[in-house]
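Please treat every number below as a calculation from the coordinates, not as lab data. None of these values were measured; they are calculated from a predicted model. Virtual Cβ from ideal backbone geometry, glycine too; neighbours counted across all protein chains shown.
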Amino acid sequence: MCYAIPGKIVSISGHKAVIDYFGEKKSAFADCSINIGDYVYAQGGVVVDKIRKVDAKKILSFWKNKFLELEQRDNELAKKIKGSDSFEAIFSKIQNGKPLNRNDVNTILHANPYANGKNVKALRSFANVLRKKKLKNSCCVHGIIEFSNYCRMNCAYCGIRSGAEIKRYRMSEHEIILAAEGAVKLGFKAIVLQSGEDYFYTKEMLTRIVKKIKRMRVLICLSLGERDIKLYKALYNVGAKAVLLRFETSNKELYKRIRPGKRLMDRIALIKKLQKIGYLVSTGFLIGLTGENKDDLIGNIMLSKKLKPDVYSFGPYIETNPNIKCNASLNTCLNTISFVRVLDNNAKILVTTALETLSPQAKKLGLLAGGNSLMIDVTPEKYARFYSLYPGKFMETEKKIKETISLLNSLGRAPIDLGR
Ligand code: SAH
């Protein structure tokens, strides 16, 4: 697949490098030895690989025309559609840096295509124009390996909670390495290692795994839940540079109910500690949990923004527990993407796989609503069926990759790193 384009280093200052991609400049963190003029791959704002000039030139000559074609397509698609006067008044408040009141926020978040068809289009197009203005047509695609569905936690929303009666699996170290190698062969330059909170995988095991995957010259993102900070520190030191850890909900009472025995403040403290270590942190929340009040969505968005995530990751709760009904509509999720884009113009916003289960159109709509980052499940198929965080998740890898690339082509999105 190779959905990644190399760029040329044009300046370096300490660990910060500026990379040029066909005239677009993106900054990235570099802890390897690089010089001005080198060609590199970066992912999530981290230089992950250096490649020979001749190889880079070959790849770039293929992409040059294609890139212009994609850019043009994105320009055609990202056009502002005008909304009603009241919506346009809110947009101009935002553009002029004026604060929104609660009414404005509710108007945006709860706009629906039936009552506010024209305004919903206006909101999505406004967010899409902002995405293009700030981050151009770059789009990141990460591969995720779900290596264990054992979990010591019993989070009420989660399909792999300890109390769920599902077939459990653990991939061996060897299987994880093989899966990562497979993903790298398919062209992935960023690998997410995800599991339940599974203490079977010790610091020593995870260190070995990270070290081996690091040699494949990819960005390694960990999604292991609340493990010891010393473990995270050790894994950072051997090459993991990103973490995905959602706070799930900003409502601390609801948090206590859905994550028994846990406190929101501890989760947030861990997120901050991970940032302090130097990890790129992706965080966010579930949309539409039973027990939420009307203001929780706003609270979730505000808490996300306050945490200054490198990537926003939020998506609908998909029902896995009859006691927790799903109240998320596709429309609310898309409005949330647009709203986050409008609030934080430079945001990297993941269009989550959970959103994709709501509609075959969801991924496309999410990318057109302000999203610019995707994940593809590359877990070996014999295990992927059992990583049932929520129903409707499983699809064959090759098919997913083909579909995603053709979608990104049709939307004019290019595999240029989103930068830092
Ligand atoms: N154990 C780790 C990682 C696995 S869960 C952790 O807790 O961080 C990864 C994410 O999947 C969670 O953060 C949660 O937001 C999401 N998730 C879990 N169950 C879900 C469901 N039923 N619907 C949608 N997303 C879900």
Subject >> Efficiency of FRET between ILE36 and ASN323 - r from beta-carbon atoms, R0 56 angstrom, step 0.05 >> reply: 0.45
Subject >> Mean separation of Cα contacts under 8 Å (6+ apart) over length of the chain, as relative contact order % >> reply: 22
Original post:
What net charge do the residues around LYS121 carry, taking every other residue with its C-beta under 13 Å from that of LYS121, with Lys and Arg at +1 and Asp and Glu at -1?
Top reply: +4
Original post:
Just for the range 192-337, what percent of DSSP beta bridges are antiparallel, to the closest 5?
Top reply: 15
Subject >> Model label zone, ASN331; criterion: amide N under 20 Å from point 7 Å along Cα-to-beta-carbon; scope the range 93-111 >> reply: 103-111
Subject >> Inter-label distance, nm, simple model (7 Å from Cα along the C-beta direction), LYS402/ASN65 >> reply: 2.5
Original post:
Which three semi-axes in whole Å describe the equivalent ellipsoid of the range 229-335, each the square root of 5 times a Cα gyration tensor eigenvalue, listed largest first?
Top reply: 26, 15, 12
Original post:
Scattering from the C-alpha atoms of the range 330-420 alone, worked out with Debye: what is log10 I(q)/I(0) at q = 0.20, 0.26 1/Å?
Top reply: -1.03, -1.39
Original post:
Relative to the compact globular guide of 2.2 N^0.38 Å, what is the alpha carbon radius of gyration of the range 1-119, as a ratio?
Top reply: 1.54
Original post:
Say each of ILE12 and SER410 gets a label point 7 Å from the Cα, pointing the same way as Cα to Cβ; how far apart are those two points in nm?
Top reply: 4.3
Subject >> Long-range amide H partners of VAL141 with built H, under 5 Å >> reply: LEU374
**OP:** Please compute the Cα-Cα pair-distance distribution of the chain with 20 Å bins starting at 0, giving whole percents from short to long.
**Re:** 27, 60, 13
Original post:
Over the range 107-197, with a single point scatterer placed on each C-alpha, what log10 of the ratio I(q)/I(0) does the Debye formula yield at q = 0.11, 0.13 1/Å?
Top reply: -0.64, -0.77
**OP:** For the range 223-264, would you read off the P(r) tail past 16 Å as a percentage of all alpha carbon pairs?
**Re:** 47
Original post:
What are the residues whose amide H is under 5 Å from the amide H of GLU197, where those residues sit 5 or more places off or on another chain and H is modelled from the backbone?
Top reply: ARG152, MET153
Original post:
Between LYS16, LYS325, LYS294, which gets the highest mean-square fluctuation from a Gaussian network model of the chain, Cα cutoff 10 Å?
Top reply: LYS294
Original post:
What percent antiparallel are the DSSP beta bridges of the chain, to the nearest 5?
Top reply: 40
**OP:** Take the Cα of TYR199, step 7 Å along the line toward its Cβ, and report every residue of the range 216-245 whose backbone nitrogen sits under 18 Å from that point.
**Re:** 224-233
